[in-house]
């Protein structure tokens, strides 16, 4: 007969049997093992940009300490992460760890979370992990609402379509304006449940109550997963009217009496309804014509369809030089206030050639028969246009005892300020006063086409002195400002008796610009054929201009005192001799672009502090000291430059360099490319270029000058061009 043995007893018996057989085994060995709950983790759908966290429980139901490690598959790394994983679990202990999914893009993520332990029973435990990144369910189209320009006091409405782009139903809860959004906006949205693919309109209105830009946003709260609330940006501008008149300033320049220029402005309808121009007049005449100004079309009313524009051409035909100021006033429906277009004009004298012959007559005095006496004659163009000699220079009558040498021929062209010097020789063959004669110069000078120079001389048989002066006239040409120029004058006795110099003086020194440092002493005697030299000087610290003077040499020449005309023109100094030199050029003609240099602490078009066309030589430094004052040395009204401002001695501080597109006289207005070259102490430190539209101002940059070290730097401006209504100094 057999008895049943309990399993536990059997195990114990086996253990005792084993113990009796040897010492290698230990009775009742302790062991640890790992269980994980849940065995599979599914995050389901998680919106891109959000985070979802799930708990996972670890359990060691064994009787020994469990050591463990956890690792995620590479397919999950970066978007799935673990937190609070222990290194060990005591027997009978449970521990919760956190598993997080943070998708960065749409799509399914799948992989394993693997635990590795020191348990013989559970050396590896694998948990499957799955999740799907999804885009937010609710999508707005368009994502931004721009109302554009809206008339103050009216309301504009736009709709934004909200669509459920997910595969699950979404509840749209509410829409609200953000805290910083103007209350001139409002939104309307009904709470609704949207099935997949369904849409609803969010209605946004804009009712500006003042002029200016209004921006903000509306947020939409929904039940779908998303990183943040759906936000729709709002933008709009309140304006005075549907009617925009541009440009609001017209400037005529580079025009002469009798010429015609036409400049346009536009009346634009930016609204959605048609409008009419009801009245358009000059302020000075209350009509469509004001002096030399007129505009067309001029018969009102004029229709302006929605989104369209009417071009108004303003024509200027000046009859005289000077400046003109007026306004055109435009009234239209859809407009709260009268629009004003300012009209300015600068009319310059037309370029013209001007001939000047010096001296106006030649008196050779007494010349011994058989001898000769020579005098210089100079032709100059003192006008503003080229001068052309239309015939050869002649002496009338042809048989007179006078001859020409080095005279310019017919067809010679002389630019403004040019001159030509030639000689007339008197050679008497008989005693007595020579027959009346004259030298004839013919040119295209419209005012003086023919110049006649009387020639006077007398032949004698006795010995007489005869003075010859060279050069006569004396032309210094172009002399840089601040530079002292010196010219040598030769006096020779071409007669047969001693020449006594009684007095050499300046009868006109052009305001002190001409000087005689060491003239011949009174009583100086020159034997026949003998000569001497002395110097005449020219010095000026003023603006660029031409000057004339007169020197007189008194002697015992029976022909009387010798008159020597003096001429010189002041020019800008060499760049190397200035602290600051700025030069402006631009890309085309028919454009009046101006350069401005504003002293430290000054402002644009401020007469004391802005060196420009209407303030070309302000007194910036010590009174009476010209070297510390700026000079606008060239103002070009028609382009393409250069315009130049020079400052020999700069003061401490920061100067502004500004370019102003004053006026566009082209048939079709267009931008210009303005280029500014900055020279400091003779070195070009920067060249900057920018495109400008008419009436725009551009701060090209800043010059910082250290008077102690006499060094400067240039810093370009980061600002772009911007419109300006200033046209003259104040």
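Observations, loosely collected:
- Unique residue being closer than 30 Å to residue 269 by Cβ and exposed (fewer than 13 other Cβ atoms within 10 Å of the Cβ) when the list is 78, 153, 92: 153
- The set of residues in segment 579-604 being surrounded by fewer than 22 Cβ atoms within 10 Å (Cβ to Cβ) and in a loop (DSSP other than H, G, I, E, B) consists of 587, 588, 589, 590, 600, 601, 602, 603, 604.
- When each of 428, 446, 471, 519 is tested for being in the same structural domain as residue 362 (by TED's automatic domain parsing) and within 22 Å of residue 392 (Cβ to Cβ), the lone residue that passes is 446.
- Residues that are in contact with a strand residue (DSSP E or B) (Cβ under 7 Å, 6 or more places away or on another chain) and farther than 11 Å from residue 580 by Cβ within segment 619-630 comprise just one, 620.
- Scanning segment 475-533 for residues that are under 29 Å from residue 417 (Cβ atoms) and outside any strand (DSSP E or B) returns 481, 482, 483, 484, 509, 510, 511, 512, 513, 516, 517, 519.
- Any hit, segment 461-471, residues being assigned to a strand (DSSP E or B), crowded, with 17+ Cβ neighbours inside 10 Å and more than 60 Å from the chain's Cα centre (by Cα): yes
- Given (1) in contact with a strand residue (DSSP E or B) (Cβ under 6 Å, 6 or more places away or on another chain); (2) assigned to a loop (DSSP other than H, G, I, E, B); (3) at pLDDT below 90, number of the condition residue 86 does not satisfy: (3)
- When segment 164-176 is filtered for residues that are surrounded by fewer than 17 Cβ atoms within 10 Å (Cβ to Cβ) and assigned to a strand (DSSP E or B), the ones remaining, listed by number, are 171, 173, 174, 176.
- When segment 614-640 is filtered for residues that are outside any strand (DSSP E or B) and within 23 Å of residue 665 (Cβ to Cβ), the ones remaining, listed by number, are 614, 616, 635, 636, 637, 638, 639, 640.
- The residues listed here are 388, 344; of these, the one that is at pLDDT 95 or above and surrounded by fewer than 21 Cβ atoms within 10 Å (Cβ to Cβ) is 388.
- Single residue of 611, 576 found to be over 16 Å from the mean Cα position of the chain (by Cα) and in a strand (DSSP E or B): 611
- Among all residues of segment 365-380, there is none that is more than 28 Å from residue 553 (Cα to Cα) and either touching a residue at least 24 places away in the same chain (Cβ under 8 Å) or surrounded by fewer than 17 Cβ atoms within 10 Å (Cβ to Cβ) (or both).
- Failed item, numbered, when residue 145 is tested on (1) surrounded by 14 or more Cβ atoms within 10 Å (Cβ to Cβ); (2) more than 43 Å from the chain's Cα centre (by Cα): (2)
- Within segment 694-726, being part of a loop (DSSP other than H, G, I, E, B) and surrounded by fewer than 18 Cβ atoms within 10 Å (Cβ to Cβ) holds for 707, 708, 709, 710, 717, 718, 719, 720, 724, 725, 726.
- Of note, residue 276 does not satisfy the criterion of being surrounded by fewer than 13 Cβ atoms within 10 Å (Cβ to Cβ) and not assigned by TED's automatic domain parsing to the domain that holds residue 437.
- Those residues of segment 299-318 which are part of a loop (DSSP other than H, G, I, E, B) and under 15 Å from residue 262 (Cα atoms), in sequence order: 317, 318
- Among the residues making up segment 91-141, those that are free of Cβ contacts under 8 Å to residues at least 40 places away in the same chain and not in a strand (DSSP E or B) are 92, 123.
- Residues that are exposed (fewer than 14 other Cβ atoms within 10 Å of the Cβ) and at pLDDT 95 or above do not occur anywhere in segment 416-438.
- Residue 430, sole failed condition from (1) in a loop (DSSP other than H, G, I, E, B); (2) over 30 Å from residue 495 (Cα atoms); (3) more than 44 Å from the chain's Cα centre (by Cα): (2)
- The condition (being out of contact with any helix residue (DSSP H, G or I) (no Cβ under 9 Å at 6 or more places or on another chain), free of Cβ contacts under 8 Å to residues at least 12 places away in the same chain and under 28 Å from residue 253 (Cβ atoms)) is satisfied by just one residue among 689, 724, 668, 675: 668.
- Taking the conditions (1) within 29 Å of residue 50 (Cα to Cα); (2) assigned to a strand (DSSP E or B) in turn, residue 181 satisfies each one other than (2).
- Failed item in (1) crowded, with 16+ Cβ neighbours inside 10 Å; (2) in a loop (DSSP other than H, G, I, E, B); (3) in contact (Cβ under 8 Å) with a residue 60 or more places away in the chain, with residue 407 passing the rest: (3)
- Only one of the numbered conditions (1) touching a residue at least 60 places away in the same chain (Cβ under 8 Å); (2) over 56 Å from the mean Cα position of the chain (by Cα) is not met by residue 335, and that is (2).
- Condition met for residue 315 (under 34 Å from the mean Cα position of the chain (by Cα), at pLDDT 95 or above and either buried (at least 19 other Cβ atoms within 10 Å of the Cβ) or assigned by TED's automatic domain parsing to the domain that holds residue 283 (or both)): yes
- Within segment 641-693, tally of residues that are outside any loop (DSSP other than H, G, I, E, B) and either on the phi > 0 side of the Ramachandran plot or in contact with a strand residue (DSSP E or B) (Cβ under 7 Å, 6 or more places away or on another chain) (or both): 35
- For segment 559-570, a residue qualifies if it is surrounded by 18 or more Cβ atoms within 10 Å (Cβ to Cβ) and modelled with pLDDT of 90 or more, and the qualifying residues are 562, 563, 564, 565, 566, 567, 568, 570.
- Check on residue 456, part of a strand (DSSP E or B), surrounded by 18 or more Cβ atoms within 10 Å (Cβ to Cβ) and in contact with a strand residue (DSSP E or B) (Cβ under 7 Å, 6 or more places away or on another chain): no
Here is a yes/no grid of residues against (1) surrounded by fewer than 16 Cβ atoms within 10 Å (Cβ to Cβ); (2) at pLDDT below 90:
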position: 104; (1), (2): yes, yes
position: 115; (1), (2): no, no
position: 123; (1), (2): yes, no
position: 133; (1), (2): no, yes
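The values are calculated or read from the model by the stated rules, or taken from the named source; none is laboratory data. On a predicted model such as this, the values are computed, not experimentally measured, just so you know. Backbone-built Cβ (ideal geometry, glycine too); neighbour counts: all protein chains shown.
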